[in-house]
Amino acid sequence: MGMQAVLGKVRTGFLNSGHLGMALGCSVFATSSLLIRYIDLPAQTIVFYRFAFAVLGLLLFGLPVDLMKGIQTTRDKWLVVSLGVVATVSFVSFVVALQYTSVANANLLFFVSPVVTPFLADKLLGERISKLAIMALVLAILGVFVVGYPELQMPELRDSIGMAMAFGGGFFASLSTVLRKMVDKSVPSYVITVYRNVVTAMCTLPLMLFTRGSFEMNSITLSLLAILGIVNTGLAGLLTVDAMGKIKAQDAAVLRYAEPLGAILLAWVFLSELPSIYTVVGGGLILLAGYMVVWQGETSAGICETSS
């Protein structure tokens with residue numbers, strides 16, 4: 001069964017334009033932060049089960065195992081494996097951030113990644129840095145400062161660790177975007193996504209086994225992990241990858257930036273986490289900076305990599 005047939009299983013007529021598919025995928029992604037907060041497990045354990053279930057879900061959706069042959073050269077195989085390792089660091093960092101600081105702080109600082117991408121692309125791909133990218137970086141730095149300003153006044157170690165992990169996770173998300181751009185022309189996006197999921201699960205498996213005695217698994221937790229993996233990662237990933245081929249990068253950027261906003265709104269409703277004025281203003285600057293970069297087309301090839 002080919003990729004189009006697989007996507008046909010999760011697509012309705014309304015999704016054919018791509019915009020609704022992207023909006024639906026991002027809406028599902030936005031609930032991930034909430035699910036993670038309800039799962040009381042170590043970060044590496046959450047990431048392992050998330051991506052193990054994601055791979056299982058893709059197989060259940062009918063994605064053929066032989067698509068692994070879609071990477072032809074040794075160079076591309078090593079790049080995709082490297083992407084998976086880097087993505088693992090990014091995802092684990094983001095989960096730790098959610099466990100240590102607010103959903104708003106974690107999502108907004110993580111979404112600084114599109115601003116960092118052009119500067120990594122300059123070093124690794126030789127792409128020219130535009131004046132707009134430099135302006136966006138200044139805005140993003142200002143936004144990070146505003147979000148973190150309360151911690152400078154009344155420092156709390158737990159929040160500081162969470163915010164640092166979110167920012168670090170965003171940096172590694174930028175690096176995975178650049179790695180993805182290196183193979184995007186020779187390897188189909190859905191093949192890259194499946195490989196990334198498999199590598200991430202394999203990287204976190206030893207860490208999960210090492211700490212298995214420090215947590216207890218019950219049916220509710222396992223169900224939440226299954227939803228997080230199959231629906232929030234596997235299904236939502238298929239929808240966004242499919243939509244990316246149908247709509248402009250600028251349109252995708254607008255819809256993708258609804259993801260952190262949706263996560264913040266859900267945290268407000270279900271976790272009573274009301275964002276502070278510093279988070280609102282600083283987060284707005286970060287999101288504006290990211291949109292400026294994507295609007296110019298700097299990170300169009302790797303928009304999906306910013307997903308949490």
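Worth pointing out:
- With the convex hull drawn around the C-alpha atoms of the stretch 82-162, the volume per residue stands at 94 Å³.
- On full extension, the segment bounded by ARG212 and VAL280 gains 20.7 nm, given 0.36 nm per residue less the C-alpha separation.
- In the stretch 114-223, GluC sites (Glu not before Pro) in a DSSP loop with at most 15 other beta-carbon atoms within 10 Å: GLU156, GLU216
- Remark: the stretch 17-299 is approximated by an ellipsoid whose semi-axes, taken from the C-alpha gyration tensor as √(5λ), come to 27, 25, 18 Å, largest first.
- Once the Cβ-Cβ distance of ARG75 and SER272 is raised to the sixth power relative to R0 = 41 Å, the FRET efficiency obtained is 0.25.
- Chymotrypsin sites (Phe, Trp or Tyr not before Pro) within the stretch 174-246, DSSP loop, no more than 15 other Cβ atoms inside 10 Å: PHE215
- Dipole in debye (nearest 20) - the stretch 17-299, about Cα centre, beta carbon charges: Lys, Arg +1; Asp, Glu -1: 680
Every read-out reported here was derived from the displayed coordinates using simple, explicitly stated rules and does not represent laboratory data. As the structure is a prediction and not an experimental result, all values here were calculated from the model. So basically every Cβ, Gly included, is an ideal-geometry build from the backbone, and we count neighbours across all protein chains shown.
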